[in-house]
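Here's the structure, in structure tokens; my notes come after.
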Amino acid sequence: MCGRYASKSSAEDLAERFHATGKLPRLNPSWNIVPSQEAPVIRCHPQTGERHLDLLQWGLLPHWTKDRKSARRPINARAETVVTSGFFRDAFAARRAIVPADAFYEWKREGAQGQTAQKQPFAAARADGDILAMAGLWEGWRGPDGEIVRSFVIVTTPANAEMAGIHDRMPAILDPADWETWLAAEPDAASALLRPAEDGTLRLWPVSRRVNAPTANGPELLAPLASA
């Protein structure tokens, strides 16, 4: 799964990297984005098809939701079922997105079976230094009073070999050559991209358990454990 990540790039840098047009949102760098927060997302404008950079809320709220307060708000969607799931299939067919990140966090359970085990957080980033482009879906919800909520979810795949020692899931990571296919192609072509990243795509390192706190933030969260 993916339950925390870092995104510290400026709106201008993200717009340039992903060829996004239109008015840019004001972004604050975050080294610990948590569910329910707003975060930058690349999506195609529903009318023009142009790529836009927007702030959306993490935790998908489908357009058909009746009661926002009691609604389930998943933060991840499994690649194996995203095409057929009643919760995600509409968004997969028409509202795919890219969630940019500098790194994501995952927790490895430590300790013997049956013992009280702590979890050691790890950070994962692209080994080539490029930005992580995580596959996502987005939704627009309108309340009876006219309130509009735009939200997103991150698609996950089984872990590749290098992630498997930490967790059995990972975000679906899109290579630059596949961005246009994911955002704008027919669903069959897009679904073919939902596979574990090739081994060697990521570099992984342990980080301080400070990242466990949802309120913690700052560049020190990404520092390798020895110097955190």
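Based on this model, can you work out whether Pro100 counts as closer than 22 Å to Ser151 by Cβ and surrounded by 12 or more Cβ atoms within 10 Å (Cβ to Cβ)? Here the answer is yes, as Pro100 does meet what is asked. With respect to the stated conditions, Ala226 fails to be surrounded by fewer than 17 Cβ atoms within 10 Å (Cβ to Cβ), assigned to a helix (DSSP H, G or I), out of contact with any strand residue (DSSP E or B) (no Cβ under 9 Å at 6 or more places or on another chain) and without any contact (Cβ under 8 Å) to a residue 24 or more places away in the chain.
In the set Val207, Val211, only one residue is within 19 Å of the chain's Cα centre (by Cα), under 27 Å from Lys119 (Cβ atoms) and not polar (S, T, N, Q); that residue is Val211. Among residues of region 64-93 that are β-branched (Val, Ile, Thr), those with a beta-carbon under 6 Å from a residue that is assigned to a loop (DSSP other than H, G, I, E, B) at least six positions away or on a different chain give the pairs Thr65/Ala71; Ile75/Pro35; Ile75/Gly59; Val82/Phe88. Within region 108-134, if we keep just the residues that are at pLDDT below 95 and of a type in the set (A, V, I, L, M), the residue that is farthest from Thr156 (Cα to Cα) turns out to be Ala112. Of the strands (runs of 3 or more DSSP E) lying entirely inside region 11-107, those containing at least 2 residues that are of a type in the set (A, V, I, L, M) span 38-44, 51-58, 96-101. The set of residues from region 174-211 being assigned to a helix (DSSP H, G or I), in contact (Cβ under 8 Å) with a residue 24 or more places away in the chain and either in contact with a helix residue (DSSP H, G or I) (Cβ under 8 Å, 6 or more places away or on another chain) or surrounded by 14 or more Cβ atoms within 10 Å (Cβ to Cβ) (or both) comprises Trp179, Trp182, Leu183, Pro187, Ala190, Ser191, Arg209, Val211. Annotation: of all residues in region 55-92 being of a type in the set (A, V, I, L, M, F, W, C) and farther than 27 Å from Asn32 by Cβ, the one that is modelled with the lowest pLDDT is Trp64.
The values are calculated or read from the model by the stated rules, or taken from the named source; none is laboratory data. Please read all numbers here as calculations on a predicted model, not as lab measurements. Neighbour counts are summed over all protein chains in view; Cβ atoms, including those assigned to glycine, are modelled from backbone coordinates with ideal geometry.
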